[in-house]
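I have placed the structure first, in the form of structure tokens, so that the comments after it can refer back to it.
The values are calculated or read from the model by the stated rules, or taken from the named source; none is laboratory data. Just so you know, these numbers come straight off a predicted model, no measurement behind them. Note that we place each Cβ from the backbone using ideal geometry, even for glycine, and neighbour counts take in every protein chain shown.
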Amino acid sequence: MYVCHAEGVGALNVGSKAPFSGTGKRFRYADFAPANPVTCNDARSNLMSNALIEKPVVALSKEDEDDLLVAEAMIEQKKKLIGRECGECSLCCRLFPVPELNKPANIWCEHCQPGKGCTIYDRRPPICRGFACGWLLGHMSDKWFPKRAGMVIKAFHKVHGGQTQMTIVVDPRAPNKWREQPFLDDIRRLAHLGLSGEYDFDFQTVVRIGRHRYLILPHGEIDISNADDDSECLLVMA
Ligand code: SF4
Ligand code: SF4
């Protein structure tokens, strides 16, 4: 049974909707990137880079700078291995906030030339240097190319409660894109994988559209928009 404790939504028992009775299809992580199944090290490297960029940093310590250089090198290595580049996509430069630049979410960064790239690439903030979306890192299949999908995957990042989360950040200009196929089935499979114990570690799957957030379950979702932060939503499996 799954129990969600989220401020604003109370404790929910949605166990009857969970498909983990042992009779359902078992999904492998490779289902999400058939040509390039992710390894646990990939996930951990992304955890590291995302942990770094959670901090709104003005000046990096030597240790953080070293970690960031390692994260950047891992991203470049992974891109080469997977054979993916941002190309004409700049969507993360619109959807994500950049505290160092006082840039809110869901407007273009003033330094972005959409479709062309960053005009301050060599001196972009650490939050930008350490980020690569889940599609770029090969976690999702080609159909998830962010510019076309209208969604950016923030892969395997830690939320404040210490839990690991996959966040699908949806462009509010097309807020229902995630409910379309094949995206919805992929998102539900991701939720299944994160909760089933079949992967090396458990993770939550959350869809975020502006101020709206949904905790995704294999056969449904819970609106957690009123929770103060993601750490208040605790999923336990029993
Ligand atoms: S969303 Fe992904 S593919 Fe698009 S610009 Fe950002 S990192 Fe590159
Ligand atoms: S500084 Fe550059 S990389 Fe960072 S959000 Fe702005 S345009 Fe994108």
Please enumerate the residues belonging to the stretch 171-202 that are touching a Gly at 6+ places or on another chain (Cβ under 7 Å), without any contact (Cβ under 8 Å) to a residue 60 or more places away in the chain, within 23 Å of residue 150 (Cα to Cα) and not in a helix (DSSP H, G or I).
174
Out of the residues in the stretch 106-127 that are touching a residue at least 60 places away in the same chain (Cβ under 8 Å) and within 11 Å of ligand 2 (Cβ to nearest atom), state the one that is farthest from residue 158 (Cα to Cα).
125
Suppose we keep only residues that are within 15 Å of ligand 1 (Cβ to nearest atom) and farther than 16 Å from residue 138 by Cα within the stretch 58-91. Which one would you say is farthest from the chain's Cα centre (by Cα)?
88
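Looking at the stretch 92-105, which of the residues that are without any contact (Cβ under 8 Å) to a residue 24 or more places away in the chain and over 16 Å from the mean Cα position of the chain (by Cα) is farthest from residue 172 (Cα to Cα)?
Residue satisfying both the conditions and the ranking: 102.
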Filtering the stretch 207-238 down to residues that are part of a loop (DSSP other than H, G, I, E, B) and either modelled with pLDDT of 90 or more or not acidic (Asp, Glu) (or both) yields 210, 211, 218, 219, 224, 225, 226, 227, 233, 238
Given the conditions (1) surrounded by 20 or more Cβ atoms within 10 Å (Cβ to Cβ); (2) over 26 Å from residue 87 (Cβ atoms), which single one is not true for residue 163?
(1)
How many residues, within the stretch 69-105, are near ligand 2 (Cβ under 10 Å from one of its atoms) and either basic (Lys, Arg) or farther than 17 Å from residue 154 by Cβ (or both)?
4
Could you please give the count of residues in the stretch 128-150 that are under 26 Å from residue 102 (Cβ atoms) and either within 14 Å of ligand 2 (Cβ to nearest atom) or not small (Gly, Ala, Ser) (or both)?
9
